[in-house]
Each structure stands twice: as structure tokens, then as C-alpha cells.
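To start, the structure itself, in C-alpha cells.
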Amino acid sequence: MNAIIPDLQAAVLCEDIRTECSGQQTLVGVIGVIPAPALPIGFFKLCLWTRWCGGTGEFRQRSLILGCDDDQPIAQSEVQFVLPELDSHVTNVHVFGGVQFQKHGTYHIEIRIDGELKTRFPLPVIRVPQQP
């Protein structure tokens, strides 16, 4: 049977992902923008939570955080996964360790499956006043 490319149901960048006793996941510190009073600003860990559905087969997901000037990756991660049936779904967690943002500007998150771009969304790093 030929593979059917799945749909990316959701993608969320956050500070941590915890698995509860029930098996459910809790996303901690959902990030839409990074306020930076001083640069560089670093993160011990950033997590990207993705959910795939509506496909079948074996796939490789590659996720990247791209620089704001040259679209070169400042962090990346890969995971292989399997969707055995059309009604199945898979949740992937990418952990990016030691990520540093060197300048203010708009970085981008890219999610690819088997080399094909599925989504790209902005991650602004904005200047904020330093607290006294």
C-alpha cells in the first residue's frame, strides 16, 4: 500500500511538555513571541509539539528554527514516525537544547515531512525595556 501524506493538525512551541499519570500531555509556557531586554537571550530547552493525522505510512519529520537574517537553522531536530491507519494520529515532541537568539527580529519555525515543507510560522524576538 502506498503512503498517504498526513495532515499537520497542530504545532505549538513551548518551554516544556510534561506527561501526566493519565498519559495526557501538558504544554508549559506556550511561546508566540520572545521578549528580550538584552541579547543574546538563551533557552536551556524549547519544545515543539506537533500532531499528525489523516495519513498512513512511515515518515520523517524535520523541524527547524531558522535565523532571522539568512534562514540558516539555529536549531533542528528529526523524528521518524508511523501512522498505521487513516484513523490513527501521532503526537511528536521535538526538544531543542541550548538555543540562543543573537539579535532582535523575526525568526521562523519550519516543519517538514519527508523533505516537504508543511508549515512555516514566525517567531518574533522583540526588544523590551529592561526592568530596573
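At-a-glance table
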{"read-out": "Gain in span if fully extended, A38 to I126, counting 0.36 nm per residue against the direct Cα distance", "value": "30.7 nm"}
{"read-out": "By accessible area with a 1.4 Å probe, ligands and nucleic acids excluded, highest first: order of H89, H94, H104", "value": "H89, H104, H94"}
{"read-out": "Furthest towards positive pole of dipole, L83, L46, A3, structure part the chain, Cβ charges", "value": "L46"}
{"read-out": "The stretch 80-132: C-alpha gyration tensor shape, a/c 1.5 cut-off, then a/b vs b/c", "value": "prolate"}
{"read-out": "Surface accessible to a 1.4 Å probe, V90 within the full protein complex, Å²", "value": "20"}
{"read-out": "Between the stretch 35-71 and the stretch 117-131, the alpha-carbon center distance in angstrom", "value": "12"}
{"read-out": "The stretch 1-62, Rg to Rh (Cα coordinates; Rh as Kirkwood inverse mean 1/r)", "value": "1.10"}
{"read-out": "Nearest-20 debye value, the stretch 10-72 charge dipole, Cβ charges on Lys, Arg, Asp, Glu", "value": "220"}
{"read-out": "11 Å beta-carbon shell around F43, net charge (K/R +1, D/E -1)", "value": "-1"}
{"read-out": "Cβ-based charge dipole, the chain, positive-most Cα from N92, I126, G32", "value": "I126"}
{"read-out": "Carbon and sulfur %, accessible surface of the chain computed with the full protein complex present, 1.4 Å", "value": "49"}
{"read-out": "Share antiparallel - DSSP beta bridges, the chain, percent rounded to 5", "value": "95"}
{"read-out": "Probe 1.4 Å - accessible area at K45, Å² to nearest ten", "value": "70"}
{"read-out": "Length-normalised contact order of the chain in % [C-alpha pairs under 8 Å, at least 6 apart]", "value": "28"}
{"read-out": "From the C-alpha gyration tensor of the chain, square roots of 5λ in Å", "value": "30, 17, 11"}
{"read-out": "With all protein chains modelled, accessible area of I17 [1.4 Å, Å²]", "value": "30"}
{"read-out": "Net dipole in debye of the chain [+1 Lys, Arg Cβ; -1 Asp, Glu Cβ; about Cα centre; nearest 20]", "value": "400"}
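The values are calculated or read from the model by the stated rules, or taken from the named source; none is laboratory data. These numbers come from a predicted model, not from an experiment. In this analysis, Cβ positions are derived from the backbone assuming ideal geometry, glycine residues included, and neighbour counts consider all displayed protein chains. We work out accessible area using only protein heavy atoms, side chains counted, and drop any ligands, DNA or RNA first. Shrake-Rupley method; radii C 1.70, N 1.55, O 1.52, S 1.80 Å.
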